[in-house]
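**Q** The structure follows.
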Amino acid sequence: MLLLVLASVSVAAQENKPITTRPNLAMVATVTTSARSGQPVSTLNDGAAPVVVNNTRPRTPPRNPRSNVWVQYEWPRAVSTKEVGVFFWDYNGNIRLPEGYRLQYWNGTSFVALPNTQGLAMVNNRLNSTSFDEIKTTRMRLELDSAEWGITSVLEWVVYKTDNSPNPPPLVNAGADRDVMIGGKTYLAAAVQSVGKLSKVEWKKISGPGTVAFTNPSELNGSATFSALGDYVLELKAAETENNASSGRIKVKVHQPPTGKRLDVVYTKRYSIDNKLWNDRAKAMIVNWIPYCIDQNERTDLTIGQGGIDNFIEAAKAIRGELHARHKGYVFSNAWVHQTVESICIALMVDPKGDKDMIAAQDKMRATLNRWIPIILAAQEPDGYLHTAFTLRDTARWKERWSPRNRGDHEGYVAGYFIESAINHYTLTEGKDRRLYDAAKKLADCWVRNIGPGKKEWYDGHQEMEQALVRFGRFVNDMEGNGKGDSYVKLAKFLLDSRKDGSEYDQSHVPVQQQYEAVGHAVRATYNYSAMADVAAETGDVDYQSAVMSLWNNLTNKKYYVTGGIGSGETSEGFGGNYSLRNNAYCESCSSAGLIFFQYKMNLAYHDAKYVDNYEETMYNALLGSLDLEGKNFYYTNPLSSSQPRDPWHVCPCCVGNIPRTLLMIPTWTYVTGDKALYVNLFIGSTINVERVAGTDVQMIQKTNYPWNGNVAITVNPKASKEFTLYVRVPNRTTSALYRPDKEVKGLKWIKVNGKTVTPTIDKGYAMIKRTWKAGDKVEFEMPMEVQKFTADERIEANKDRVALRYGPLVYNVEKADKQDIEKEIGKAPLTTEWKDDLLRGIMVIKGQWADGTPLVAIPNYARNNRIEQAPVTEPAKTTTPTQAAEPPQRITRTVSSVVWIKEGN
C-alpha cells in the first residue's frame, strides 16, 4: 500500500494535450524497463503532457535506490534523432529524483554514449531537453542513477525526429488476446501511435473456422461476432502511406457459455480438522495470530496508517452529538477490524478438540465479539451507512457520500468487509444472533436506496463491495428466500457497470464487459474479477462471461507465478506486461486471497475442476506461507526469491485479517453442491456437514495425510439415504500454460467404493460416482505423488535455464539455512522424497544433488524463511514498543536465502 499512497493519489494524471507538437519518435517505440514503476511503462511514450496533482502527504519510506535502472525504446527500423526530452517529477517531495541520468544508443553491437551530449538537466515538473550529434539507431536507453521507486519519477521521455529521417511505421496495438461466448460479441478497441497522419486502418480475419462480422472494419473501435466455435486470428492494419504501414494481431477463442445452473456455496459452519499440516496451521492462527490482531486493533498508540476499534468509539460519539477525536489512520482502517471480526467468527467454528491453548484463545475471541459488536453497531449511522472516516470527516473535504471526488476513500471497501463479517457471524450463531446480519442488511439497503438506475451512478476505487453484495445476496436468499437478496446482486452489477473513463490502476479504464487483460492493482483486480464472475453466473450476461473468461485466461496463462501468486509489482502493487514475471515478485497476500475467491467463482460457474487445481495451488503455496509457522509474523509481499524475515505488522495491515479469514474457510473451499450432486474439491482430513444435498444433509469425514501422500478415505454419512452423484476432483498439477513439467502427474491410481474398485466416468476433472448413498458408505482413492521439475515459458526471462520443483500441490524452495549454495546448478541425480518429522513442524523434503555432487535439500515454499535470524537494523528503531512496527525498521539487505527457481545445468 505504500506505493498506492504515492502513485494512485499523487500520480501525474494524463490528458489528451500533447507534450510536444514536433514529430516524436517515442510514440512508435516499444518500451521495456529493468525496474518496477508506479504506472504502466506505456505512459512514458504516449505523447501526453503530464498534469501533476498537488499532494501534501508526508514522504513515503524509500525503496532501496539502485544505479543503472533503465528504460529502453526500440524501433523496427533505424530512426534518426539529435534531441530528447525527459520529464521528471518528485511527487511534491515524496520521492527523491535520481542523482543523475545517462542516454545511450545501440551502435549495432552494444549500447554506447551519445556523442557530444549537452543538457542532461533534471528540473522537477518540466521537460528537460538534451541535444547531441545526430545518430541513427534502432534502440535507445535512458539510465538512472540512485533511482528511488525504480523509474516512477520519469513521466515522459520524448525523442525528436530529425528532418531528414523518414517516419517509422505506426505502432499498432490491436488489443489483448481474448475469449468470447458464441452468440456474443468481442469489443475491439485498438490503439495506433504514429509520427505522421494515418491514411487507413482496416480489420480483417486471418484464420478461424467460421465467418467474422465486423461492425466497423475501418475503425479502431467496434465489435466482432463469430459464427462458429474455435480459434481465430484477427488483424488490424494501419498505414500512413502504402510503403509505411504495420499491423497487429489478436487471438480470439470462441466458447460455449456455461451450461446449467451455477453450483451452490457450502457455508462455513462448525467443523473439525484431522490433518497434521492443517491442524498445525489452524492452531497457529487461532492461538497466536488472530489474538494478536485483536490486541493490535485495540491499541491507540500505533501511528502510521493504523486505526482500530477506537475509530468506531469516536464515530459513535459523533453520531450522538458528543465531543470526539478525529479519525485515525487511513480512510480504510475499518477494514482490519471487520476482517478480524470475520476471522474470529470462522476461528470459533473450528473444533478445538480439547486443546487448552485453542480453547483459551477462542474464549478471548468470544469476549472480543461481545465487546466489539456493540461498539461497531453504535458507529452505524441511523440510515444504515457505516464508514467511520466519513462520520468523523473533515467536512471541507467530504461534503457528501459516494462522491466521484472520493473514489479513493474506500466507502465500498470497508462496507463490503463489514457485510462479509456479518455472514460468518450469522453462521457461527446459527442465526440466533442477528445483530450483525440485520445491520449488514440495513447498510446494504442504504446503498440500494441511494445508488442505481435513476439514482446516483458511482463506483468505488477498491472493489470489495461488489463481491460482498453478491455473496450477501445469495446468503439472504438462502436464509430467507423469496428473492430478498436480489436487490443486492443487482446493485453489485450496477456498481460494476458504472466503471468507465477511469484508469487501469483500479480497472475503471473501460467498461468491465470490455476488459480482456489483467491490469492495475492486483488486489483490486481480483476482487473486481471475482465480482464479475459472480454477476456472470447470476445473470447469464454473455458480455460478462466473455470478459471473465478472457481475464481468467490472461491472468492464469500469462501473468501467473508458479506458486499461484500474482502481481509482479512493476506497476503500483500490480501487474506488468504479459510474461513479465520477475522473481522479486510483489505477490501481495491479499491478492492471493482475492485470486482464490476468483478461481472459486469460476468453479461455481463452469463446474470444472481446473479452477480448483488453481486455487489449491494458490492456497498451499502463495498464501499458506504468508504467516510464519508460529503465527506471529507475516509477509505483506511474497517474492519467489527472498532473504527478508516476516514482519510483526505493517504500515498498511490490510492482509492481517484477510489471511486467516481465507485460509480457515475450509468447508467452503472443500465442498460445493449442485442439483443432486456433491463435489469434493479439496482433500483435507476433516469432519464437515454439507447441507441440502438431494434434500438431506450429509456429514463428510475425510481421513488423509495429504499433501504428504495421496491416499484419501471419505466416509459419506447422509441423514437419509438419497441418490446423488459424488464428484471427486482428479488433480492435474499442470495449472498454467506458462509452466511445463518433465512428466505428467495426474489422474487417480485407483478408486474404490465400499472396498470394491470402480471405474468412474471423468467429466471436467471430476470422477463421477452416482448411487443411492447411505450412512457409512466409504470412498477411497489414491492420487499419484511424484517429484516434478517444471520449466517456464521461454518468454519469462527471469527463469531461463532454471527449474522449479514440485511434489503434489506443493512448490518447493532451496534455502541457505540447509547449508547449501543455492546459486549452484542442480545436478542430474534422481530426486527423492523423505519425511522429516523434526524439521519445520514436520515436512516432506525433496533430496537430490547439486551439479558438483553436494547434497541438495528442498523444502515446501510455505515453510520458507522460518529459520533465519533477524538481521540488525540499519538505524535506531523509531518507536519504543516492539509491536509498534507499523513503520517497519529498515533491515540490512542480505543475500538471497530462499529461492523457488533453481539453475539448471547443461
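**Q** What is the distance, in nm, between label points placed 7 Å from the Cα along the Cα-to-Cβ direction at Glu298 and at Asp445?
**A** Placing both labels 7 Å beyond Cα along the Cβ direction yields 3.3 nm.
**Q** Moving on. Any of Lys601/Lys676; Lys559/Lys749; Lys328/Lys399; Lys816/Lys847; Lys746/Lys903; Lys752/Lys774 with alpha carbons more than 22 Å apart? Name them for me. All intermediate terms of the calculation are to be shown ahead of the outcome.
**A** Details: Lys601/Lys676 20 Å; Lys559/Lys749 32 Å; Lys328/Lys399 19 Å; Lys816/Lys847 15 Å; Lys746/Lys903 26 Å; Lys752/Lys774 16 Å.
Listed pairs above 22 Å: Lys559/Lys749; Lys746/Lys903.
**Q** Charges on Cβ only, +1 for Lys and Arg, -1 for Asp and Glu, centred on the Cα centroid of the chain; of Pro511, Val287, Leu604, which one is farthest towards the dipole's positive end?
**A** Farthest towards the positive pole: Leu604.
**Q** A further question on this structure: Pairs Lys205/Lys558; Lys253/Lys456; Lys353/Lys719: which exceed 29 Å Cα-Cα? Walk me through the numbers on the way to the answer.
**A** On the way: Lys205/Lys558 24 Å; Lys253/Lys456 37 Å; Lys353/Lys719 23 Å.
Pairs exceeding the cut-off: Lys253/Lys456.
**Q** Can you classify region 639-772 as rounded, prolate or oblate using the Cα gyration tensor, where a ≥ b ≥ c are the square roots of its eigenvalues, rounded means a/c under 1.5, and otherwise it's prolate if a/b beats b/c and oblate if not?
**A** Working: a/c = 2.45, a/b = 1.49, b/c = 1.64.
Oblate.
**Q** Please enumerate, by chain and number, the lysines with C-alpha under 22 Å from the C-alpha of Lys356, excluding those fewer than 8 residues away in the same chain.
**A** Those lysines meeting the cut-off are Lys269, Lys276, Lys283, Lys364, Lys632.
**Q** Would you be so kind as to identify which of Val814, Gly685, Ile344 lies farthest towards the positive end of the dipole of the chain, taking Lys and Arg as +1 and Asp and Glu as -1 on Cβ and the Cα centre as origin?
**A** Looking along the dipole axis, the top candidate is Gly685.
**Q** Within region 624-719, list the trypsin sites (Lys or Arg not before Pro) lying in a DSSP loop whose Cβ has at most 15 other Cβ atoms in a 10 Å radius.
**A** Working: sites: Lys632, Arg646, Arg661, Lys676, Arg692, Lys703, Lys719; in loops: Lys632, Arg646, Lys676, Lys719.
Answer by residue number: Lys632, Lys676, Lys719.
**Q** Something else about it: Towards the positive end of the charge dipole of the chain, with charges on Cβ (+1 Lys, Arg; -1 Asp, Glu), say which of Cys446, Trp708, Pro718 has the farthest Cα.
**A** Pro718
**Q** In nanometres, what is the gap between the two model label sites at Asp478 and Asp438, each 7 Å from Cα along Cα-to-Cβ?
**A** Taking the two extended label points, one gets 2.3 nm.
**Q** Once Cα extents along the principal axes in Å is worked out from the coordinates, which option in (1) 219, 57, 57; (2) 104, 78, 69; (3) 86, 70, 61 does it equal?
**A** From the options (1) 219, 57, 57; (2) 104, 78, 69; (3) 86, 70, 61, the structure gives (3).
**Q** Among the aspartates and glutamates, which have Cα under 12 Å from the Cα of Lys770 when same-chain residues fewer than 8 positions away are ignored?
**A** Glu723
**Q** May I ask you to derive the FRET efficiency for Glu744 and Gln849 from their Cβ-Cβ distance with R0 = 25 Å, giving the value to the nearest 0.05?
**A** Numbers: r = 24 Å, r/R0 = 0.97.
That pair, Glu744 with Gln849, gives E of 0.55.
**Q** Okay, moving on. Percent antiparallel among DSSP beta bridges with both residues in the chain, to the nearest 5? Present the calculation step by step, with values, prior to reporting the outcome.
**A** Working: 149 of 161 bridges.
In the chain, approximately 95 percent of DSSP beta bridges are antiparallel ones.
**Q** In deg cm²/dmol and to the nearest 500, what is the mean residue ellipticity at 222 nm of the chain if only DSSP H runs of at least 4 residues count, each as -39500 (n - 2.57), divided by the residue total? Don't jump to the answer; show the numbers that get you there.
**A** Details: 16 runs with 205 residues, N = 906.
Value at 222 nm, helices only: -7000 deg cm²/dmol.
**Q** Students often get this wrong, so check it: of Lys17/Lys455; Lys610/Lys824; Lys17/Lys82; Lys493/Lys764, which have C-alpha atoms separated by over 26 Å?
**A** On the way: Lys17/Lys455 33 Å; Lys610/Lys824 34 Å; Lys17/Lys82 24 Å; Lys493/Lys764 29 Å.
Check vs 26 Å cut-off fails for Lys17/Lys455; Lys610/Lys824; Lys493/Lys764.
**Q** Please give every one of the aspartates and glutamates within straight-line cross-link reach of Lys756, meaning a C-alpha to C-alpha distance under 18 Å, and leave out same-chain neighbours fewer than 8 residues apart.
**A** Asp777, Glu780, Glu782
**Q** Assign unit charges at the C-beta atoms only (+1 for Lys and Arg, -1 for Asp and Glu), then state the dipole size of the chain relative to its Cα centre in Debye, rounded to the nearest 20.
**A** I would put it at about 1020 debye.
**Q** Take the alpha carbon atoms of region 603-659, find their center, do the same for region 450-516, and report the distance between the two centers in whole angstrom.
**A** Cα centroid of region 603-659 versus Cα centroid of region 450-516: 26 Å apart.
**Q** Follow-up. Within the chain, which complete DSSP H helices have Cα atoms spanning at least 18 Å along the helix axis and a mean Kyte-Doolittle hydropathy of 0.0 or higher? Walk me through the intermediate numbers first.
**A** Numbers: long enough: 334-347 (20 Å, 0.53); 356-378 (34 Å, 0.11); 411-428 (26 Å, 0.19); 435-450 (23 Å, -0.61); 464-480 (23 Å, -0.41); 522-539 (25 Å, 0.07); 542-558 (23 Å, -0.36); 589-606 (26 Å, 0.52).
Span-like helices here: 334-347, 356-378, 411-428, 522-539, 589-606.
**Q** Which trypsin sites (Lys or Arg not before Pro) from region 158-199 combine a DSSP loop assignment with at most 11 other Cβ atoms within 10 Å?
**A** On the way: sites: Lys161, Arg178, Lys185, Lys197; in loops: Lys197.
Filter output for region 158-199: Lys197.
**Q** Along each of the three principal axes of the Cα atoms of region 171-255, give the extent in whole Å, ordering the values from largest to smallest.
**A** 39, 18, 18
**Q** Say each of Thr138 and Arg77 gets a label point 7 Å from the Cα, pointing the same way as Cα to Cβ; how far apart are those two points in nm?
**A** In this crude label model, Thr138 to Arg77 measures out at 1.2 nm.
**Q** Which of the GluC sites (Glu not before Pro) across region 282-376 are loop residues per DSSP, with 10 or fewer other Cβ within 10 Å? Display every interim value, and only then the final one.
**A** On the way: sites: Glu298, Glu314, Glu322, Glu342; in loops: Glu322.
Within region 282-376, the qualifying GluC sites (Glu not before Pro) (loop, at most 10 other Cβ atoms within 10 Å) are Glu322.
Readers should treat all values here as calculations from the given coordinates under stated rules, not as data from a laboratory. Note that the structure is a prediction, hence the values are computed from the model and not measured. Don't worry about glycine lacking a Cβ; one is built from the backbone with ideal geometry, like all the others, and counts go over all protein chains shown.
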